[in-house]
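Just so it is clear, none of the values below were taken in a lab; they were calculated from the coordinates. On a predicted model such as this, the values are computed, not experimentally measured, just so you know. Note that we place each Cβ from the backbone using ideal geometry, even for glycine, and neighbour counts take in every protein chain shown.
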Amino acid sequence: MSGAGLSGGRSPVPSEPVEIAAGLLQLRPWESIDAAAVLAASQDPGIRRWNPAVDVVDLATARAWCSRRADWSQGDHASWAVKEPASGALVGSVSLTHVDPTHRGAEVGYWTAPGARGRGVATGAVRAAAGFAFGALGLVRLELFHAVENTSSCRVAEAAGLRLEGVHRSSHRYGDGLLHDEHCHARLADDPVPG
Ligand SMILES: CC(C)(COP(=O)(O)OP(=O)(O)OC[C@H]1O[C@@H](n2cnc3c(N)ncnc32)[C@H](O)[C@@H]1OP(=O)(O)O)[C@@H](O)C(=O)NCCC(=O)NCCS
């Protein structure tokens with residue numbers, strides 16, 4: 001177990017990434033071979049707007065992005081490449097961030113590669129990450145924030161059992177450079193498991 005970088009208790013995040021089987025998807029540790037797919041995804045207008053990776057500009061910076069997400073040693077995040085097991089193709093990204101051992105909470109963030117949208121990738125990935133958060137990590141509360149305009153993301157949150165709790169006004173500057181109102185969704189460990 002790791003714990004460096006967090007105050008108020010040891011992080012429950014293991015220092016080495018773990019893999020999760022999630023039906024037709026697999027959540028795998030990020031590898032440098034994923035860099036080309038990350039670079040391509042970072043150029044998608046939706047991802048540029050809602051998950052801007054401003055530091056990803058070429059293969060070298062995409063490799064660095066993968067390497068940061070493969071390093072769980074600080075205990076503050078758990079991040080996965082979402083893959084189709086049969087082909088090994090990268091179809092998305094999901095991360096538990098802001099893992100907080102004192103309050104036993106975290107946030108979840110995600111994107112789906114443009115060619116893989118509309119077939120349950122994000123919903124499946126968030127459900128699997130939530131299962132890990134409440135099971136292996138023993139967290140109590142998982143939060144998800146999305147811009148109010150991002151209605152697909154709202155559907156993902158609801159389908160993964162994260163209820164809408166309210167609106168945070170002008171709370172986050174997204175990739176378009178503007179501050180947006182955000183929905184705050186959350187699921188507690190003892191909320192019903194969706195699906
Ligand atoms: C939002 C996003 C993650 C959804 O990913 P996804 O894998 O397509 O999501 P799912 O297949 O699990 O479906 C979720 C909802 O999105 C809708 N959707 C999104 N894109 C779609 C597409 N191209 N075709 C059909 N439906 C789509 C679905 O209708 C579904 O709603 P429903 O359950 O009411 O039918 C994806 O569109 C994306 O990466 N967008 C850009 C980045 C982003 O918004 N990230 C989240 C930041 S909070």
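Can you tell me the dipole magnitude for the range 3-116 around its Cα centre, using point charges on the Cβ only (Lys, Arg +1; Asp, Glu -1), in Debye to the nearest 20?
120
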Which residue, Ala62, Ala129, Ala116, has the most motion in a Gaussian network model of the chain that connects Cα atoms within less than 10 Å? Ala116
Nearest 500 deg cm²/dmol is fine: what mean residue ellipticity at 222 nm does the chain get from its DSSP H runs of n ≥ 4 alone, each adding -39,500 (n - 2.57), divided by its residue count? -7000 deg cm²/dmol
Other residues with Cβ under 12 Å from the Cβ of Arg28 give, with Lys and Arg +1 and Asp and Glu -1, a net charge of -2
I'd like to compare 79-87, 159-167: which one has the highest average count of other Cβ atoms within 10 Å, and what's the full order after that? 79-87, 159-167
Under 8 Å for C-alpha pairs, at least 6 residues apart: give me the relative contact order for the chain, rounded to a whole percent. 18
From phi via Karplus (6.51, -1.76, 1.60), per-residue ³J(HN,Hα) for the range 26-36 in Hz, x at Gly/Pro: 10, 9, 10, x, 5, 10, 5, 5, 7, 4, 5
